[in-house]
Amino acid sequence: MDDDDVTSGGGAAGSGSARIWIGAIPSVDPDGVEVILDLGLDSPDPAERMIRLLLNRGHEGEEGVFYLLPDDLSARYERIGERLAVTVLSHRAVLDADLGETDELRTHLAGLARDPLDADRLVLLRGEIVTDFVPAVQDDGAQPLLVIEHTEAAARLADVLRQFDEGETGIAVLSATLDWKG
């Protein structure tokens, strides 16, 4: 299992607890290999807080699994040599509608980088992980990014999965695309 720290969007290093893992979620699909983004519920990182706000737009599919519309929140994978980069994106209009009057988040919103592939989208979070894993390509894009919010400090994927199995957290499914750079 690989893991690395995530870096917040806009080029600044994230102070939050978000992590990226490659692994299986045994209670969902023991044979599957997933890209998992872990967000701490108590993280002060504005990027993580924005993502958590947008997760409220999710629609429940299977029990405990929430799907989001690609315009609300989505991901992009990029293969750069031996690294897999994960970028979480949202449309500015969605963020404007959901942030309310939270001054700190509005200030952070003003500094977010625009997506180089779609000027209407903003980069909320970007992280890289050293791995040989390549997300599967499907008809409409790459395999989804799974987002798990955890309630307590989790240093390992096993800790996050235990919280999921105990019903302490759920999984959100973000549609994703893959950009191969070699």
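The values are calculated or read from the model by the stated rules, or taken from the named source; none is laboratory data. Quantities reported herein were computed from a predicted structural model and do not represent experimental measurements. Here Cβ is always computed from backbone atoms with ideal geometry, including for glycine, and neighbour counts include all displayed protein chains. For the accessible areas, the whole protein counts, side chains as well, though only heavy atoms, and no ligand, DNA or RNA atoms are used. Shrake-Rupley method; radii C 1.70, N 1.55, O 1.52, S 1.80 Å.
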Practice prompt. Assess whether residue 178 counts as being modelled with pLDDT of 85 or more and open to solvent by 40 Å² or more (accessible area, probe 1.4 Å).
Written response: yes
Discussion item. When you check residue 113 against the structure, is it small (Gly, Ala, Ser), within 20 Å of residue 51 (Cα to Cα) and open to solvent by 50 Å² or more (accessible area, probe 1.4 Å), yes or no?
Written reply: no
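Okay, residues lined up against (1) surrounded by 20 or more Cβ atoms within 10 Å (Cβ to Cβ); (2) in contact with a Leu (Cβ under 6 Å, 6 or more places away or on another chain):
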position: 99; (1), (2): no, yes
position: 125; (1), (2): yes, no
position: 128; (1), (2): no, no
position: 146; (1), (2): yes, no
Worksheet item: Out of segment 44-58, which residues are open to solvent by 10 Å² or more (accessible area, probe 1.4 Å) and without any contact (Cβ under 8 Å) to a residue 60 or more places away in the chain?
Response: 44, 49, 53, 56, 57
Worksheet item: Taking only pairs six or more apart or across chains, which ones have beta-carbon atoms under 6 Å, a first residue in segment 111-131 that is free of Cβ contacts under 8 Å to residues at least 60 places away in the same chain, and a second residue that is part of a strand (DSSP E or B) and acidic (Asp, Glu)?
Response: 121/115
